Amino acid sequence: MRHSQVTVFPVESIYDAAADERLFPDLLRRIGDHFGAQAGFLGWMGGSSSAGFQAEYGNDPAYLASYVETYAALDILRPALMETPEGEPRPAYPLLQLPDVQASRFYREYIVPQRIVDNLATNLIKRDDMFATIAILRTGDVAPFSGEDIAAMRALVPHLRRAVILSSHRIRQADLMAAYREVAQGARDGLVMLGDAGEILDLGPEIERMTGFASIEAARRSAFAKALARAAEAGTPLLREFSFGRRKARLLLASQPLSRNRYGDVSEGRGAAHAVSVTEVDRRWGFAYGAMAEAHGLTAGEAKVLEDVLAHGEMIGTSKRLGIARATARSHLHKIYAKTGTSGFPDLCLFAHRFIVAAR
């Protein structure tokens, strides 16, 4: 029996999912129930033959996996979907009646075993390198989607598109913050975020000050950008000399691969795949003694001992330099070890490198 559309879908539930992507599977189920569908997915597709699913319901996991691994490349319906204008719902039923489609391996091995009758799909995001698509499927002994169904989906599309972009943007920002936290401890002068192809996505403010680049586009055209991409490709630190205006600088470039939720790529394109820490090797460095003392509750006396032993690289002359008894210096030092969780002077030196700052 043909499904009859008689109610209006609650739009507010779409924006609930925008605030919490964990609600997308339930949202899809509710949309599917509303349209008399048995399955659905919200997916992104990137590149020429890869696909990934962000949320789904009612699908056989084995078929989802086989689509990503095998059938995405054989999907005879996909070109028609990719040609469909952004935001326009398109049913698959008319295509499924074509002799060429029915003779295809994709139809015989993927469509028929799942008893797919119709697939109402919409490109929510459509770019050269990325498609974000929502689709609901009717399977079994049911009628295809009607013109009324298509019109009702068309009314929901602007809200679904906004929800996907909002959710993706939030995930992208969370990934970027996590990436900075992940690699910031190893960076000295600053960080540069690179995409999958080694292109610059983000320059930290320290890098902008160091290089004098007025924009990311200016940086992308430089020898500095080529060296960053090389460091990401090599996976080992590279030392290169650069000229930034009249100033020359030797920079150590150390790349680290990043993990990310690729759903964050939907909103603004591909996210960061590599973080390159940049160190100016000829620059003098020191320690943030005040920050160390504050972070670990050191007394004024202990802070003076800490600064002395780190500045001079030894403990023997501390009492004389500070004008205190040897026993007092030793007592302060043991309290420093206890408060910083270190086991001796070598361990304290390693600990202190977390607080390295550029000397002015």
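To the nearest 20 Debye, how big is the dipole of region 72-151 about its Cα centre, given +1 on the beta carbon of each Lys and Arg and -1 on that of each Asp and Glu?
220
Picking from 255, 344, 145, whose Cα lies most toward the positive end of the charge dipole for the chain (charges on Cβ: Lys, Arg +1; Asp, Glu -1)?
344
Hey, what D do you get for the chain in µm²/s if you plug the Kirkwood alpha-carbon radius into Stokes-Einstein at 10 °C and 1.306 mPa s? Walk me through the numbers on the way to the answer.
On the way: Rh = 24.8 Å.
For these conditions, the coefficient is 64 µm²/s.
Counting helices only, and only those DSSP H runs with n ≥ 4, report the 222 nm mean residue ellipticity of the chain as the sum of -39,500 (n - 2.57) divided by its residues, in deg cm²/dmol to the nearest 500. Let's see the in-between values first.
Details: 16 runs with 153 residues, N = 360.
Mean residue ellipticity, 222 nm, calculated: -12500 deg cm²/dmol.
Select from 212, 190, 87 the residue whose mean-square fluctuation is largest in a Gaussian network model of the chain (Cα-Cα springs shorter than 10 Å).
It is 212.
For the chain, what is the relative contact order in percent, using Cα pairs closer than 8 Å and at least 6 residues apart in sequence? Kindly include the intermediate steps, with their values, before the conclusion.
Working: 574 pairs, mean separation 48.7, N = 360.
About 14 percent, as a whole number.
Taking 30 Å as R0, compute the FRET efficiency from the Cβ-Cβ separation of residue 335 and residue 252 and round it to 0.05.
Numbers: r = 36 Å, r/R0 = 1.19.
Result of the calculation: an efficiency of 0.25.
So which lysines pass the test for residue 320, namely a Cα distance under 22 Å, with those fewer than 8 places away in the same chain ruled out?
Those lysines meeting the cut-off are 304, 335.
What FRET efficiency comes out for the pair residue 62/residue 236, r = Cβ-Cβ distance, R0 = 41 Å, nearest 0.05?
Details: r = 40 Å, r/R0 = 0.98.
Computed FRET efficiency for residue 62 and residue 236: 0.50.
Starting from the Cα of residue 248, draw a straight line to each of the lysines and keep only those under 19 Å, dropping any in the same chain fewer than 8 residues away.
Leaving aside lysines fewer than 8 places away in the same chain, those within reach of residue 248 are 226.
Return the whole-Å distance between the Cα centroid of region 108-159 and the Cα centroid of region 284-312.
Each part reduced to its Cα centre gives a spacing of 63 Å.
Most fluctuating residue of 271, 43, 147 in a GNM of the chain with Cα springs under 10 Å: which is it?
Looking only at 271, 43, 147, the largest GNM fluctuation is found for 147.
Using a Gaussian network model of the chain with C-alpha springs under 10 Å, which one of 105, 260, 326 is most mobile by mean-square fluctuation?
326
FYI, it's all coordinate maths here, none of it is from the lab. Just so we're clear, the structure is a prediction, and the values are computed from it rather than from any experiment. As a convention, Cβ positions derive from the backbone with ideal geometry for all residues, glycine included, and neighbour counts pool all protein chains shown.
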